[in-house]
Amino acid sequence: MQSRRAFMKSFLGAAATLALADKFAGASAQKAALTTARFRESGANAKLVIHALRNSVSMISGTGGNVLVLPGPEGKLVVDSGFATSRVQMAKALDSLSADPLRLLVNTHWHFDHTDGNEWIHGAGATILAQENTLSRMTHKQFIPEFEGVYPPSPPGALPTETFEQNKTLQVNGQSLRLVRYTPAHTESDIAVYFVDADVLHTGDAYFSAFYPFIDYNSGGSIDGMLAATRETLALIGRSTIVVCGHGPAGSRDDVVTFQEMLANVHANVAKLKQAGASAEEVVARRPTAAYDKKWGGGFISPDLFTWLVYRGA
């Protein structure tokens, strides 16, 4: 398992200076000081790290969301594609795992830090598989105001070539995989990817292991959905499951339980203040996340922004 310190160093890389704005602008979401464009640019100098997990499944961290890889005689299966600006490093990392060609890319949801490399991986021979809302979102212009993100429709070569609505089972390189749609949580396109034989689960951004999660309300996400998806994750995994989140080190069921407790308690704190008539600014000023900031507040979602996101759905 990867330490939090090692993950933060490898994941943030050139984006280590990312800091969310301190001002809270009433009904407007807080903004990240680092724009989407600069976030993408950081991928050009990203240092990727390969982590062997179990049964030939490996995790690559350091560019966008965590990437899983299963090589084998039928070709490589890859989960998520990171930033396109990290293509050189990603191709080198994939080649170091095996000489097998790229066969299948699965997207856990539509966000650019998980799909930006789709086009080049598809061009290298991989079919792209995703939940149908991922295709819908990538086909139309999208907005993420918190990161000043305006995303035009993705080029045809980056779009999923096969979609499903709820669940799908695959057999790849002698292993079984289950793709399971989450209750809309981080977005409305979230899925879990469970490597049954390896007992490894990729949750996408429905779970963050080391810092506060982002909830994209513009893409159908909500705090209630995050709580529901966390319960669904716990229903999928056992004591020995390796749980890979979208952002953060790989962990275990106990880590997901800790995440669930944090979400539930912050939600309860914020909801109580909101129901008592407190404005969003007042709730942020009361620091309802204070008990959790040391563990969860060091990532790219500040305690204030996380409070704002919870308030929006409380």
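The values are calculated or read from the model by the stated rules, or taken from the named source; none is laboratory data. As the structure is a prediction and not an experimental result, all values here were calculated from the model. When we count neighbours, we look across all protein chains shown, and the Cβ atoms used for this are built from the backbone with ideal geometry, even at glycine.
A few remarks follow.
- Answer from Gly149, Gly157 - the residue that is small (Gly, Ala, Ser) and at pLDDT below 95: Gly149
- Looking across Arg287, Arg239, one residue alone is surrounded by fewer than 20 Cβ atoms within 10 Å (Cβ to Cβ), at positive phi and out of contact with any His (no Cβ under 9 Å at 6 or more places or on another chain). It is Arg287.
- Selected residue (criterion: nearest to the chain's Cα centre (by Cα)) from residues of segment 182-221 that are charged (D, E, K, R) and farther than 21 Å from Tyr151 by Cβ: Asp199
- Summed over segment 88-135, the residues that are of a type in the set (Ser, Thr, Tyr) and more than 19 Å from Ala206 (Cα to Cα) give a count of 3.
- Subset of segment 225-280 [acidic (Asp, Glu) and out of contact with any strand residue (DSSP E or B) (no Cβ under 7 Å at 6 or more places or on another chain)]: Glu232, Asp254, Glu261
- The set of residues in segment 97-149 that are crowded, with 24+ Cβ neighbours inside 10 Å and assigned to a loop (DSSP other than H, G, I, E, B) comprises Asn107, Thr108, His109, Trp110, His111, Asp116, Gly117.
Conditions tested, residue by residue: (1) on the phi > 0 side of the Ramachandran plot; (2) acidic (Asp, Glu); (3) modelled with pLDDT of 50 or more.
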| site | (1), (2), (3) |
| --- | --- |
| Phe11 | no, no, no |
| Ala19 | no, no, no |
| Ala29 | no, no, yes |
| Ala33 | no, no, no |
| Arg38 | no, no, yes |
| His51 | no, no, yes |
| Ser56 | yes, no, yes |
| Ser61 | no, no, yes |
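- Matching residues, segment 130-165, being closer than 16 Å to Ser189 by Cβ and of a type in the set (Asp, Glu): Glu132, Glu162, Glu165
- Filter result (surrounded by 24 or more Cβ atoms within 10 Å (Cβ to Cβ) and not small (Gly, Ala, Ser)) within segment 215-229: Ile215, Asp216, Ile223, Met226
- Whenever a residue of segment 51-78 is in contact (Cβ under 8 Å) with a residue 40 or more places away in the chain and of a type in the set (Val, Ile, Thr), its partners that are part of a loop (DSSP other than H, G, I, E, B) and surrounded by fewer than 20 Cβ atoms within 10 Å (Cβ to Cβ), lying with C-beta atoms within less than 8 angstrom and at least six residues away or across chains, give the pairs Val57/Ala198.
- Hey, Pro303 touching a residue at least 24 places away in the same chain (Cβ under 8 Å), out of contact with any strand residue (DSSP E or B) (no Cβ under 7 Å at 6 or more places or on another chain) and under 20 Å from Asp199 (Cβ atoms) or not: no
- Selection status of Ile50, crowded, with 21+ Cβ neighbours inside 10 Å and either in a loop (DSSP other than H, G, I, E, B) or out of contact with any Asp or Glu (no Cβ under 6 Å at 6 or more places or on another chain) (or both): no
- Qualifying positions in segment 157-186 - touching a helix residue (DSSP H, G or I) at 6+ places or on another chain (Cβ under 6 Å) and over 29 Å from Ile223 (Cβ atoms): Gly157, Ala158, Leu159
- Of the residues making up segment 273-302, those that are modelled with pLDDT of 95 or more, within 26 Å of Gly65 (Cβ to Cβ) and not basic (Lys, Arg) are Thr289, Tyr292, Asp293, Trp296.
- Residue check, Ser189 under 17 Å from Asn218 (Cα atoms), in a helix (DSSP H, G or I) and not β-branched (Val, Ile, Thr): no
- None of Val88, Val67 is modelled with pLDDT of 95 or more and surrounded by 16 or more Cβ atoms within 10 Å (Cβ to Cβ) except Val67.
- Residue within segment 122-135 that is in contact with a Pro (Cβ under 7 Å, 6 or more places away or on another chain), farther than 19 Å from Val172 by Cβ and of a type in the set (A, V, I, L, M) present: yes
- Filtered by the rule that a residue be farther than 19 Å from Asp80 by Cα and without any contact (Cβ under 8 Å) to a residue 40 or more places away in the chain, segment 134-148 gives His140, Lys141.
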